[in-house]
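None of the figures in this text is laboratory data; all of them are computed from the coordinates on show. Remember, predicted model here, so these are calculated numbers, not experimental data. Using ideal geometry, Cβ is built from the backbone for each residue, glycine included, and neighbour counts are taken over all protein chains shown.
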Amino acid sequence: MNTNFRAIPSTDSVLQSSTGQAAVQRFGHQQTIAHIRALLEQERDAVRQNGKLRDAETLGALVLGNLEATSQAALRPVFNLTGTVLHTNLGRALLAEEAVEAVIAAMRAPVALEYDLAKGQRGERDDHLRALICELTGAEDATVVNNNAAAVLLVLNTLAGHGGGAIVSRGELVEIGGAFRMPDIMAQAGARLIEVGTTNRTHEKDYRAALEQENVALLLRVHTSNYRIEGFTSAVPAAILARLARSSGIPLVNDLGSGTLVDLSRWGIKREPTVREAIAEGCDLVTFSGDKLLGGPQAGFIIGKKELIAAINRNPMKRALRIDKMRMAALEATLKLYRNPDRLAQHLPTLRLLARSHEDIATLARHMQPAVAAALGPACKVSIIDCASQIGSGALPLDMLASAGLALCPIKGTGAALEQLATRLRQLPIPVIGRITEGALVLDLRCLEDEAGFIANLAGFSNVRLI
Ligand SMILES: *Cc1c(COP(=O)(O)O)cnc(C)c1O
């Protein structure tokens, strides 16, 4: 092919085109030039292959598009229509507006993070949350770290760090997604795992026998968050463990995982033991997450006996695991919402979404169906379906919530067409994330609150032909 490379626009002519100048205005000279050079490099190859020349204006528009794409935030918002409300891969709990505002305020101005305004001297980071957490849980004292994994690590290291024994039932040696496995955390904390009982049954006498060992530092109870052992089973109630621990002079630690502060049955969600109940049962320390059922930012709470919290605060590891002012602001605002349980479901997105009725979601599905079908075009069938959501993050894994949504089915419904549809939805300005199941892409509408925004976003979906 006889190609005229000289006819390819120069770097300068693309830069001087109106789209090139628009790119300079928005992204600066240096980035624009770099993108033009990279594009012209590809353009030579393209011209060599197909002989087609494009003008400076067209190339400028491509450069502008590329710059826009690379400037998009990597952590950009998505529509979570997976049906999992607390989706770990999608950032778990959404913060309440009150919490968002508190974070913004804490970012914009200096705050008295470790400063006692009354005395005009150095204060403690934990002072801001301590009283509030104690009020809501009945604990004597509290501290907060990076996440619940950090909370468990810090507690074990503080109480059993030099090979002290930590007694756990074999039925509670959990793995929580990826790297959090109780035996591994024990080893990293420097504690010696003492397993008792069997996978399905552990008795008081098993704990008693283990307590006879040398150098036992603590008794640990772990909430079996993400699985259930059913059938011929037996576990020792916390109140009995508390008595055993007390008579041996060691603390009882309870890793509650989700750690809800309120009885969820009030909103039609299955009851989980609350943090207050765990404290009342006699646990000396309780740990739980900030961004699971509690509905706040990522954080790990450690609450309980004053002298144990003091020991934790003296551990140098605490400094490495502490939280920053932004999360502290978000936590304070989130926890304050719990002072008024009657209005909690209106303010706390996690609870609002979990408590949403099937009726409400089904009405939304019926209302949206025509607009979604129109936006996706004739190559895709859009049906209203009933489906089941889950809480997520290991909370109540077997308790599905009746929900509704839209099932999207490419007319020529091969698996490849379905994957292509899912990919196209993820490429929208606000990516839409659904779930492929039984030959359809299901959009569970439980977590959709901005219907108009969703439909407007679909305008970016041109009527492409699905394979
Ligand atoms: C989720 C969970 C953890 C880990 O909490 P993160 O906040 O995700 O670090 C630890 N223990 C239990 C029982 C859990 O459910």
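Values for this structure:
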| read-out | value |
| --- | --- |
| Inter-probe distance in nm under a simple model that places probes 7 Å from Cα toward Cβ, at Arg54 and Arg343 | 5.4 |
| Degrees separating the helix 238-248 axis from the principal Cα axis of the chain, which is the longest one | 50 |
| Difference of contour (0.36 nm per residue) and Cα-Cα distance, Thr423 to Ala311 | 35.2 nm |
| In sequence order, calculated HN-Hα J values of segment 366-371 (Karplus, 6.51, -1.76, 1.60; Hz; x Gly/Pro) | 5, 5, 7, 3, x, 5 |
| Under 17 Å from Lys305, Cα to Cα: aspartates and glutamates that are on another chain or at least 8 residues apart | Asp126, Asp127, Glu135, Glu140, Asp141, Asp255, Glu277, Glu281, Asp284 |
| Segment 331-378: trypsin sites (Lys or Arg not before Pro) falling in loop per DSSP and having at most 12 other Cβ within 10 Å | Arg339 |
| Cα-projected label distance for Ile430 with Ser13, points at 7 Å along beta-carbon direction, nm | 4.2 |
| Per residue, the convex hull volume that the Cα atoms of segment 387-467 enclose (Å³) | 108 |
| Theoretical ellipticity at 222 nm over the chain - DSSP helices of four or more residues, -39500 (n - 2.57) apiece, nearest 500 | -13000 deg cm²/dmol |
| Within the chain, longest stretch clear of exposed chymotrypsin sites (Phe, Trp or Tyr not before Pro) (DSSP loop, no more than 12 other Cβ within 10 Å) | 233-467 |
| Chain lengthening between Gln213 and Gln188 when straightened (0.36 nm per residue, less Cα-Cα) | 6.8 nm |
| Measure of compaction for the chain (Cα Rg per 2.2 N^0.38 Å) | 1.23 |
| For segment 2-71, fraction of C-alpha pairs farther apart than 20 Å, in % | 23 |
| Beta bridges by DSSP in the chain, antiparallel share as percent, to the nearest 5 | 60 |
| Mean separation of Cα contacts under 8 Å (6+ apart) over length of the chain, as relative contact order % | 18 |
| FRET efficiency for Tyr115 and Arg76, using Cβ-Cβ distance with R0 set to 35 Å, rounded to 0.05 | 0.50 |
| Segment 97-345 - share of DSSP beta bridges that are antiparallel (%, nearest 5) | 45 |
| Viscosity 1.567 mPa s, temperature 4 °C, Stokes-Einstein D of segment 276-435 from Kirkwood C-alpha radius, µm²/s | 66 |
| GluC sites (Glu not before Pro) restricted to DSSP loop in segment 107-140 with at most 15 other C-beta within 10 Å | Glu114, Glu124 |
| Filtered GluC sites (Glu not before Pro), segment 220-306: DSSP coil and at most 15 other beta carbons within 10 Å | Glu230 |
| Linear extension gain, Val100 paired with Ala374, 0.36 nm per residue minus alpha-carbon span | 95.1 nm |
| Overall dimensions of segment 278-369 as given by Cα atoms, namely Rg and Dmax in Å | 17.9, 58 |
| Of Lys119/Lys325; Lys205/Lys318; Lys306/Lys336, those spanning more than 30 Å from alpha-carbon to alpha-carbon | Lys205/Lys318 |
| Under 18 Å from the Phe5 label point (7 Å along Cα→beta-carbon), backbone N, segment 38-60 | 38-54 |
| For segment 216-253 versus segment 357-374, the gap between their alpha-carbon centres in whole angstrom | 46 |
